[in-house]
Amino acid sequence: MTRKITQMMVRIGLAIWAAVLVFPAQTPAVSVHASAIDIGDLMAKALNNVHSFMMVTDSITKPAPTSPGGVMKMHVEEIFIHRGSGYVLSMQMMIDGKFSSEVYTGTHVCLKHTAAEAWNCTYPPSYAKLSLASMDPVKVFKASGIVTTSRGAAGTKSIKGQSCTGYRFAMSMSSIHLTGYGTIWFSSDNGRVVQLDETSTVALVAGSPPMVTTGTSSYSRWDDASLRIPAVPVS
């Protein structure tokens, strides 16, 4: 895949996974239509008074058979820590074996493209504002235009030793010709989110061959006091 398409798919994927996480944040452009199960209510309870958590996502994006480019594999580790009225967070990504790391302090964005290099925090405020708005899980949901519809219960299963109850959803985003579906799994013991499984199809241009992404996001370390974002020069 070209660098432009890769960057776009990364942002789309992260927007989907973050947006689905925050069902309660609704605007006229983004709605949740409850069926037998109100996933929004479950999410509100799961996120109630949460200070921090970790999200790990693995995904594979495959182009249509008639499209150029190969398969894109992405591994993302994110730490969210509530601060003030929003979140600070860090993100480490491996995209087809290439490393990058980003930190969002609430006012600055710092990046580096190898584990050894120094942080670059010289990006202009406009870049920081755009990045922060697109990565904060509440803001991204409000701005994304993703329409999510609950589809009822998906049964129960054990995930990493935890008894979980699943709920299905469907989603769409007309601006990028996106459709998708998935299942959110909640702990049967404490109601926290444990896992999100998602499949989405995107045609970046109307009528173009679609790309299909399948991904799994795991949520853990809820309110873990030891969670920290990396120290950066502007911390």
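Readers should treat all values here as calculations from the given coordinates under stated rules, not as data from a laboratory. Keep in mind that what you see is a predicted model, and the values were worked out from it rather than measured. Every residue, glycine among them, receives a Cβ derived from its backbone with ideal geometry; neighbour counts consider all protein chains shown.
What order do you get for 184-191, 158-165 when each peptide is scored by the mean count of other beta carbon atoms within 10 Å, highest first?
Details: 184-191: 17.1, 158-165: 13.1.
By packing density, highest mean first, the sequence is 184-191, 158-165.
Determine, for Val234, Val193, the number of other Cβ atoms within 10 Å of each Cβ, and report the residues in order from fewest to most.
Details: Val234 14, Val193 24.
Ranking Val234, Val193 by Cβ neighbours within 10 Å, fewest first, gives Val234, Val193.
So which of Lys45/Lys73; Lys45/Lys160; Lys73/Lys112 end up more than 28 Å apart, counting from Cα to Cα?
Lys45/Lys73
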